[in-house]
Amino acid sequence: MTATEFAQLDALQTALGLSDSARAEIESKYEEALVVGNAPKGESAESLVEWIDAVRALKSVHPDISSGLARRLGATALRAGIPPCGYIVAYDWMTQLGLDRPFAEGAWMVGGVAPALNSVPLALAPVAHTLNLID
Amino acid sequence: MTVPDPESSPESEEGEVDPFAELGVEATASAGSVSDGLEAFMEEDGEDEDTTESGPVELESEGEEEDEDMFATLGVAGPTVSLTSSSGEDDILAAFMDDEEEESQEPEVEEESKPVESAAQPDAKEAYRMVLDTVWVDGILDPAEVNLLARKREDLGISFEEHLALVRDMLG
């Protein structure tokens, strides 16, 4: 891991508003998984940087926009059919991004039906993956 | 967790800034069919209009392409993440939902906006939980089931917050 990648993780921590203790806990679990040999691996350092940038962009836009995207993601998932395990994982993801409420509202059609997304913001790609919306 | 590879830079297809692009998204045609499933529940007003008042981009519900253009306004480049979903199933659900749309939509919104102050009775919660248990029996939650649950919440006086808590308890 390079210094630049460390810096990117710092940026991600800041973007997510993650406390040092919470980050340490996550990294500790990952290190344990590395020892065991079942730690998930990302595609590349470049994709990590790109995704972190996308998360930062999502967190920096007006809340109406990020909430709207989350809501539409939930509605898009509902259109495709939501598996229970996918829902709860996605909900937890969105909670980390502070978008759990609009996501849930979209998924449960609260406050009307949100339009579907044609494509998923990169920052939300992991969530979309858990919902089987993307490969 | 998989992060898709960058494939292209965001471009606004219609000459407008693409907020999706800023967030690392690019319009694709693959998901166009995905939205069909809930058309029956949609109101003419379009919820996007509600969320765009103070946003940098004007959110429109008239069409999906226009929605993406709004996001394009944010001007962030990123890779394309296309959706994969089946359109046939959505069409079937849309036809099924047409019958219930107008009756259930507005009351549901009002009900969900109510604060938790009117907490449901234990019996009501238990009854709702039983319904909740059944909707995921087939391993998938679809719009018709969500609509059913919305009606049940209204009938039983279950708030959305209580609903979320029950879902969490059930799945968590």
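Just need a number here: residues in region A:105-127 that are within 7 Å of another protein chain (Cβ to nearest Cβ) and under 13 Å from A:ARG72 (Cβ atoms).
Total satisfying the criteria: 12.
Table: residues versus (1) in a loop (DSSP other than H, G, I, E, B); (2) touching a Lys or Arg at 6+ places or on another chain (Cβ under 9 Å).
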{"position": "A:ASN38", "(1), (2)": "yes, no"}
{"position": "A:ALA54", "(1), (2)": "no, no"}
{"position": "A:SER66", "(1), (2)": "no, yes"}
{"position": "A:ALA70", "(1), (2)": "no, yes"}
{"position": "A:LEU73", "(1), (2)": "no, no"}
{"position": "A:ALA125", "(1), (2)": "no, no"}
* **Residues (out of contact with any Gly (no Cβ under 8 Å at 6 or more places or on another chain), of a type outside the set (A, V, I, L, M) and either at pLDDT 90 or above or surrounded by 18 or more Cβ atoms within 10 Å (Cβ to Cβ) (or both)) located in region B:138-157** => B:GLU145, B:ASN147, B:ARG151, B:LYS152, B:ARG153, B:GLU154, B:ASP155, B:GLY157
* What is the number of the single condition among (1) within 19 Å of A:PRO63 (Cβ to Cβ); (2) among the β-branched types (Val, Ile, Thr); (3) at the interface with chain B (Cβ under 8 Å from one of its Cβ atoms) that A:THR76 does not meet? -> (1)
* Structure fact -> Apart from one, (1) at the interface with chain B (Cβ under 10 Å from one of its Cβ atoms); (2) closer than 22 Å to B:GLY172 by Cβ; (3) crowded, with 18+ Cβ neighbours inside 10 Å all hold for A:PRO84; the odd one out is (3)
* Structure fact -> Apart from one, (1) crowded, with 20+ Cβ neighbours inside 10 Å; (2) within 7 Å of chain B (Cβ to nearest Cβ); (3) not aliphatic (A, V, I, L, M) all hold for A:SER66; the odd one out is (2)
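The values are calculated or read from the model by the stated rules, or taken from the named source; none is laboratory data. All values reported here derive from a predicted model rather than from experimental measurement. Please note: Cβ atoms are built from the backbone with ideal geometry, for glycine as well, and neighbour counts cover all protein chains shown.
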